[in-house]
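Have a look at the structure below before the remarks.
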Amino acid sequence: MVIYLKNPSGIFGELKYNKESFKSFAKHSHKSFNIIAIADRDINIAYHNQPLQTLHSNQIAIFNPRQVHLTSTKSKESLDYYSLHLQESWCIEVQQELFETEEFLNISPNIIKDKTLAKKFLSICSSILENPKQDIEQELKAFSRKLFANYCQATIQIEPSQTVKKIENYILKHLQEPLTLEEVAKEVGYSTAHINRLFKAQYGLTLHAFLIDKRIDKAKELIRVNKTASLTEIAYQAGFYDQSHFIKNFKKVYSLSPKAYK
């Protein structure tokens, strides 16, 4: 189940709820700020450049914008899984009430062992699920202010190199085209092996995995804003060569099909 959160300016977030058994999913990232919690049992989370961590009940896990990660569990039992995505721009506005910043300030640590915050987060999620049309924004802002005030790290983030930025910009500009690693390498003047090393160091992803990640992100946005488009149209606009390839990769990241998400 996916519920969009809206204010007069438009959609500022979405809540996803699943009761399912988890398996390992592909590494990916989000443009949004993501908070997750589970009602019981545990899931493992692998963040780029961090040791494997475990999320327990009465805790929340944080995924900062563009932070590469994956989640997994060995259990085959179902669990209640809550995932809230908040637009980065919305979060920056909340952070500006607390800090002097023009950019999103990352949260650290990624696993927050605060039972009070976790309980409040689950309460907000349950309230949204019970009444999706209610105005929940002010309550979410109050929760976010407390989260940011306690856990924001006003530190200088390591910026991608100029080469990585150039490759990223080229990929985003030509996302709909059938890009190859060789084509991208030729554009920036480096070997495919060197480019893959750069991206593995920066994001923990090969260039191909990064490309798929951005196409999935694009497809998700297209589904959200264009309710009449077919999955075939969305797959093409996001740069996938066919619908089955699109569906397979989407399910790896979001644990449900594009049709179910739509």
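Where a number appears in this text, it was derived from the coordinates with a stated rule and is not lab data. Bear in mind that the values here come from a model prediction, so they are computed numbers and not experimental data. Here the Cβ positions follow ideal geometry from the backbone for every residue, glycine too, while neighbour counts run over all protein chains shown.
Looking only at TYR241, TYR47, TYR203, which one moves most when the chain is put into a Gaussian network model with springs between Cα atoms under 10 Å?
TYR241
Any idea what % of Cα-Cα pairs in the chain are farther than 31 Å?
Percent of Cα pairs beyond 31 Å in the chain: 26.
Please state, rounded to one decimal and in Å, the Kirkwood hydrodynamic radius that segment 162-261 gives when every pair of distinct Cα atoms enters the mean of 1/r.
14.1 Å
Within 10 Å of each residue's Cβ, count the other Cβ atoms and sort LEU211, LEU52 from fewest upward.
LEU52, LEU211
For segment 1-123, calculate the relative contact order in percent as a whole number, restricting contacts to Cα pairs under 8 Å that are 6 or more residues apart.
31 percent
Hey, with R₀ at 22 Å, roughly what FRET efficiency would LYS119 and LEU98 work out to, going by the Cβ-Cβ distance, to 0.05?
The value I calculate is 0.50.
What size of dipole, in debye to the nearest 20, comes out for the chain about its Cα centre when the only charges are +1 on Lys and Arg C-beta atoms and -1 on Asp and Glu C-beta atoms?
Roughly 720 debye, rounded to the nearest 20.
Only Cα pairs within less than 10 Å get springs; with that Gaussian network setup on the chain, which residue of PHE148, PHE250, PHE63 has the largest fluctuation?
Maximum fluctuation in the GNM of the chain, among the listed residues, is at PHE148.
Would you calculate a helix-derived [θ] at 222 nm for the chain, using -39,500 (n - 2.57) for each DSSP H run of n ≥ 4 and dividing by the full residue count, to the nearest 500?
The helix contribution divided over the chain gives -13000 deg cm²/dmol.
Grab the Cα-Cα distance for GLN162 and ARG41, subtract it from 0.36 nm times how many residues apart they are, and report the gain in nm with one decimal.
Working it through step by step, the gained length comes to 39.3 nm.
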